[in-house]
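This report concerns only the one structure given below.
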Amino acid sequence: MFTSPQPSPILGEGVQKIMKTSLSRLLGLLSILLFIPIWELIVRASNLPKFILPSPIDVWTRFLKSLNDGSLLYHTSITFFEVLLGLLAGTLFATIIGYMLAKSKTLEKILSPYLVASQAIPIVAIAPLLVIWLGDGILSKVVICALIVFFPVLINTIVGVRAVSSPLYDLMNSLRANRLQILLKLEIPASLPVLLGGLRIGATLSVIGAIVGELVSADRGLGFLLQLGDFQYDTSMVFVAVFMLIALALLLYGIVTLLERRFLKWQK
Amino acid sequence: MFLRNYSTSGSSQRHKIMNPKPALAVKNLSVVFDENDNKIHALENISFNIHQREFICFLGPSGSGKTTLLRLIANLIKPTSGEVNFMFGHPPKIGMVFQQPNLMPWRSVLDNIKLPLELENDIHAHEKALDMIRLVGLTGFEDSYPRDLSGGMAQRVGLARGLIHEPDLLLLDEPFASLDALTRERMWTELSNLWQAKQKTVIMVTHSINESLFLADRVLVLTQRPGKIKLDMPVDLPRPRKDDVRYTSQFGKLAKKLREAIE
Ligand SMILES: Nc1ncnc2c1ncn2[C@@H]1O[C@H](COP(=O)(O)OP(=O)(O)OP(=O)(O)O)[C@@H](O)[C@H]1O
Ligand SMILES: [Mg+2]
C-alpha cells in the first residue's frame, strides 16, 4: 500500500511524504535487525572460537557487564570529551584562519604550501610524536583531533566565504554596514551551508583522531578499552568498543544534522 | 528629516518649482577600468545636478556605464577623475534596488525588508517592515523565503527594502527588467504612487522609453561606450500619470525625441 505508484487522493501530499520517510526509516531499521541473526548464523556455522568471532549474545552480555561496572560509560565519556574538544578547537582555528585566507590572497599564497604539506603527512605518523611532546593524557588526543578536523573545515570555510555573492556585498556597502555587520549578517549566514558541511566531515574525522591518539598510548578512553580487549583476548570487549565508537560518530553526525535543520531551514 | 514633515498632498511639480533645493551634483566624472592592461573607458566627463524629490531616469545602450554610474553615486567604487557631491545628509542615506532582486535567501520576506533598519539598530524595525509589506502588497508572505516568491514578488521585496529606511536618495538599476510586461506596468504605477507618497530623490536606470516617460521628471540619455550625456530632457507630463498618458501627443513627441537620441 505504501509503494502504490498512484498518489492517493485521500491522503494529502504531506501525509504521503511522512509515510515515505517513515518507510525508508523502517527499511534502515530492518536491515540492522536482519544483520544480527545473519551474524549469529555465521558464528554457529563457522564454529569459530569466541575470542576470534564472538556471537551477538556474547557481545550483548559483555556490553551489559561493562555498563554495570561503570567502565564503559567512563571510557566512552573520556573519548567523547576528547572528540568534542578537538572538534571545537579545530573548527574554531580553521574558521578563523580560513576566513583570513579567504579575505587575503597574499596570506593564502604565503600559508598554502604549509597547509598542503601538513595535509600530506598522515596523522597516524605524527600521532606518536604528539604523544611524546604533549604526554599521554587527554591533551595530546585533543590536539590530534583538532589537527585532523582542521583541514576540511578550513577548506570549506575558504570556499564558503569566497562564494558569498558580490551583489550582496554591494547591498551591505550601499547601506554603509560596518565590518562586523557584514560578517554577522552576510558572511556567516551565507557560508553556513558549506561550513556545516565541513563540520559534518570534521565530526567523523575527530572520532578517528581520538582513537589514533589513544591507540598510541593511553590509560583510558575507548581506544584504551579496545587495546585492552585485544591484549586479553576479550574480543567481545573489542566489539563493544567498536560499536560505541560508531554510536559516538552517529551522535555527532546527528548533532550536525540538527544544526542544519535549525539554521538551514530556508533551503529545500 | 525633510521626508517626515513633507505633506503628501498637493502636486510635486508645484512644490519643486517653488522650492528647488539641490540634492546632488556630479562633476566631470570619468571612469576607466583597468582589466589585464586592457583599459575600458566606461564613463567620460559626466556632469549633472539633481534637485531634492526629483525623479530622474538614465537611458542608454548596454555597456554605456549606467550601472557604473549608480555604483559611483552609492560610493561602491571610486571615479578615475571628477567628483560626486551631496548637498544633504553627510554621508547621505542611500536605498538601492538592483537589477536582480538580490535578496538574502536565508532571510524571510520580512527579515529581508528589515535589514536596512537592523543595520541602524532601529527598535521599530518590525512594525515598519510590516507597514512596508502592506504598502507593496505582500501581506501574507511575511514568513516566505525568497525561493518561494515569483519574480515580481521578489522585485517588490527589493523595492520595499530599498525604501524602508527612508533614504535620502533612491537608486534603481533596471528594477523591472526581469518582469513580464503586465507586472512591469503594474509596478510602474506602484512605484509612482510610492514616490508620490514618500517623495524621495530617485535616480533610475532603464532600457525602456515608456518606463522613463511614465515615471521621471527628467530623462538623461547616455551614448555608447564611453558613456557621455547626450540629452537631458525634462518630462513635462502632468501627474499623476495614468496608463492612458501614453496615447497623448505630448508623450509621443517626447518618446520620438528619446528614440532619436538613443539611435
Ligand atoms: N568592475 C569592472 N571591471 C571592469 N570593467 C567593468 C567593471 N564594471 C563595468 N565594467 C565595464 O564597463 C562598461 C560599462 O558597464 P556597466 O555595467 O556600467 O554598463 P550598463 O550601462 O549598466 O550596461 P547594461 O545596460 O548592460 O546593464 C562595460 O563595458 C563593462 O564591461
Ligand atoms: Mg547595468
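Here, each number is a calculation from the coordinates, and none is a lab measurement. Keep in mind that what you see is a predicted model, and the values were worked out from it rather than measured. Ideal geometry is used to build each Cβ from the backbone, glycine not excepted, and the neighbour counts take in all protein chains shown.
Run the dipole for the range A:55-267 about the Cα centre, Lys and Arg Cβ at +1, Asp and Glu Cβ at -1, nothing else charged, and hand back the magnitude in debye, nearest 20. Let's see the in-between values first.
Numbers: 15 positive and 12 negative charges, 217 e Å.
Roughly 1040 debye, rounded to the nearest 20.
Which value, in debye to the nearest 20, describes the size of the charge dipole of the range A:18-130 about its Cα centre when Lys and Arg Cβ atoms bear +1, Asp and Glu Cβ atoms bear -1, and nothing else is charged? Each step should come with its number before you reach the end.
On the way: 9 positive and 5 negative charges, 65 e Å.
Charge dipole of the range A:18-130: 300 debye, to the nearest 20.
Once the dipole of chain A is set up with Lys and Arg at +1 and Asp and Glu at -1 on Cβ about the Cα centre, which of A:L41, A:W60, A:L259 lies farthest towards its positive end?
A:L259
Run through all the Cα pairs of chain B and give the fraction in each 10 Å bin from 0, expressed as whole percent.
It works out to 7, 29, 36, 23, 5, 0, in whole percents.
Mind checking the full-extension length gain between A:T257 and A:Q232? Use 0.36 nm per residue of separation minus the Cα-Cα distance, one decimal, nm.
Details: separation 25, 0.36 × 25 = 9.00 nm, distance 3.81 nm.
Extra length from A:T257 to A:Q232 when fully extended: 5.2 nm.
Can you list residues from other chains, or at least 5 along the same chain, whose modelled amide H is less than 5 Å from the amide H of B:A23?
B:I50, B:H51, B:Q52
Summarise the long-distance tail of P(r) for the range B:88-180 by giving the % of C-alpha pairs beyond 23 Å. List each step's numbers first, then the result.
Numbers: 757 of 4278 pairs.
Distances greater than 23 Å cover 18 percent of the Cα pairs.
Taking just the alpha-carbon atoms of the protein assembly as shown, what radius of gyration and Dmax come out, in angstrom?
Both quantities, over Cα of the protein assembly as shown: 32.5, 104 Å.
Report the Stokes-Einstein translational diffusion coefficient (µm² s⁻¹, integer) for the range A:71-199, Rh taken as the Kirkwood radius over Cα pairs, at 37 °C with viscosity 0.692 mPa s.
Numbers: Rh = 16.4 Å.
Here the translational diffusion coefficient equals 201 µm²/s.
For the range B:137-263, state the average projected area of the convex hull of the C-alpha atoms over all orientations, rounded to one decimal in nm².
Values: hull surface 36.0 nm².
Mean projected area of the Cα convex hull: 9.0 nm².
Please arrange A:Y74, A:Y99 by how many other C-beta atoms lie within 10 Å of their C-beta, fewest to most. Write out the running numbers ahead of the final one.
Details: A:Y74 13, A:Y99 19.
So the ranking, lowest neighbour count to highest, is A:Y74, A:Y99.
Placing unit charges on C-beta atoms (Lys and Arg positive, Asp and Glu negative, everything else neutral), compute the dipole magnitude of the range B:166-263 about its Cα centre in debye, rounded to 20. Intermediate results must be reported in sequence, preceding the final value.
Numbers: 16 positive and 15 negative charges, 69 e Å.
So the magnitude is around 340 debye.
Students often forget the sequence filter, so: which lysines lie under 17 Å Cα-Cα from B:K78 once same-chain residues fewer than 8 apart are removed?
Correct list for B:K78: B:K27, B:K39, B:K66.
On a C-alpha basis, how far is the centre of the range B:44-82 from the centre of the range A:229-268 in Å? Whole number, if you could?
Value for the Cα centre distance between the two parts: 58 Å.
By Kyte-Doolittle mean hydropathy of at least 1.6 and Cα axial length of at least 20 Å, which whole DSSP H helices of chain A are selected?
Numbers: long enough: A:13-46 (49 Å, 0.98); A:71-103 (48 Å, 1.36); A:105-120 (22 Å, 0.23); A:138-162 (35 Å, 2.14); A:188-216 (40 Å, 1.64); A:235-263 (42 Å, 1.85).
Helix filter hits for chain A: A:138-162, A:188-216, A:235-263.
After finding the eigenvalues of the alpha carbon gyration tensor for the range A:196-243, what semi-axes result from the square roots of 5 times each, listed largest first in whole Å? The partial results should precede the final answer.
On the way: eigenvalues 121, 28, 7 Å².
Semi-axis lengths for the range A:196-243 are 25, 12, 6 Å.
Could you name the aspartates and glutamates in cross-link range of B:K256, using Cα to Cα under 16 Å and dropping any fewer than eight places away on the same chain?
The reachable aspartates and glutamates, counting only those whose Cα sits under 16 Å from B:K256, are B:E211, B:D232, B:D236.
Just for the Cα atoms in the range A:119-171, what are the lengths along the principal axes, largest first, rounded to whole Å?
Computed over the Cα atoms, the extents are 52, 22, 11 Å.
Which helices of chain B meet both criteria: a Cα extent of 27 Å or more along the helical axis and a mean Kyte-Doolittle score no lower than -0.5, with helices taken as whole DSSP H segments? Before the final figure, lay out each step's value.
On the way: long enough: none.
Counting only whole DSSP H runs, no helix qualifies.
Along the positive direction of the dipole of chain A (beta-carbon charges: Lys, Arg +1; Asp, Glu -1; about the Cα centre), which of A:N173, A:L199, A:L30 reaches farthest?
Positive-end residue among those listed: A:N173.
Taking +1 at the Cβ of each Lys and Arg and -1 at the Cβ of each Asp and Glu, which of B:V31, B:V97, B:N210 sits farthest along the dipole of chain B towards its positive end, judged by Cα position relative to the Cα centre?
B:N210
Tell me, how many Å apart are the Cα centres for the range B:139-174 and for the range B:190-233?
Computed from Cα coordinates, the inter-centre distance equals 20 Å.
Taking Cα centroids, how far is the range B:92-129 from the range A:65-144 in Å?
That distance is 40 Å.
Using the 10 angstrom Cβ neighbour count as an exposure proxy, how do A:L88, A:L186, A:L67, B:L103 rank, fewest first?
On the way: A:L88 16, A:L186 20, A:L67 13, B:L103 25.
Exposure proxy ranking, most exposed first: A:L67, A:L88, A:L186, B:L103.
Arrange the following residues from fewest to most other Cβ atoms within 10 Å of their Cβ: B:R218, B:R186.
Numbers: B:R218 18, B:R186 15.
Ordered from fewest to most neighbouring Cβ atoms within 10 Å, B:R218, B:R186 come out as B:R186, B:R218.
For chain A, max minus min Cα coordinate along each principal axis, in Å, sorted largest first?
Largest to smallest, the principal-axis extents are 74, 68, 30 Å.
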